[in-house]
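What follows draws every value from the coordinates through simple rules; no lab data is involved. What you see is a predicted model; the values in this text were computed from it and never measured. All Cβ positions, even for glycine, are placed from backbone atoms using ideal geometry, and neighbour counts span all protein chains on display.
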Amino acid sequence: MKTDKEAWLKEYTEFVKSDGATVPTEIFMSLKSRLFPNPWIVFGKILGIHSVVGFLSLGICNQFGLNPFGTEHSLMNWFMRVGGHNFCMLACGIFFMTTTYLISNVMLGLEELETIRRYGWLQTGVLGLVSLAAFYFFGADLVATFAGLWILGAFIGAFAAIEGSYRLRRQWA
């Protein structure tokens, strides 16, 4: 199954060859890199956004006991009252990743969002594991059950945000 961009690229290449026209390589490569951004570069951008947004989100929703800003009120307290520790871990994971991908929607182009969507499982898995490792590095006590619920929430939040952001951007484009 070919995407619209892949079909366009094939048709464009056939057109250039049939017409005998020559297109400067720089222009073609620039166009191709814009339509098909390198997944590693996009992941680097997501990682940077996630580092900043994830740190700031800890001020709103303390996770695994980490509270870098010393805030009194946190979504964690509300999540604990509503559904207990298990629900809190799931909801905090959802919140943590959702904020990253919603901010990414504003900062990245549509083609980059398509790349995120294409490699969503891999990127979310790596971001989730890197986040858990960072929590552990900064002194969080990770319990397997709670970390598992948190990572499940991270996947739920990420995929909801990725898909929702992508659909909104497609409508605005």
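Here are the numbers:
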| read-out | value |
| --- | --- |
| Relative contact order for the chain, counting Cα pairs under 8 Å that sit 6 or more residues apart, in percent | 27 percent |
| Within the chain, helix-based [θ] at 222 nm, where runs of 4 or more DSSP H residues each add -39,500 (n - 2.57), nearest 500 | -26500 deg cm²/dmol |
| Label-point separation, GLU163 to TYR12 (7 Å along Cα→Cβ), nm | 3.0 nm |
| Difference of contour (0.36 nm per residue) and Cα-Cα distance, THR145 to PHE36 | 35.4 nm |
| Residue-span extension gain [LEU129 to ASN67] - 0.36 nm each, minus C-alpha spacing | 20.4 nm |
| Set of aspartates and glutamates with alpha-carbon distance to LYS45 below 12 Å, sequence-local pairs under 8 removed | GLU112 |
| Sequence ranges 135-144, 49-58, ranked by mean other-Cβ count within 10 angstrom, highest first | 49-58, 135-144 |
| (i) 1.55; (ii) 0.95; (iii) 1.29, with the label sought being that of the calculated Cα Rg over 2.2 N^0.38 Å | (iii) |
| Ordering of 68-75, 95-102, 124-131 by burial proxy (mean other Cβ atoms within 10 Å per residue, highest first) | 95-102, 124-131, 68-75 |
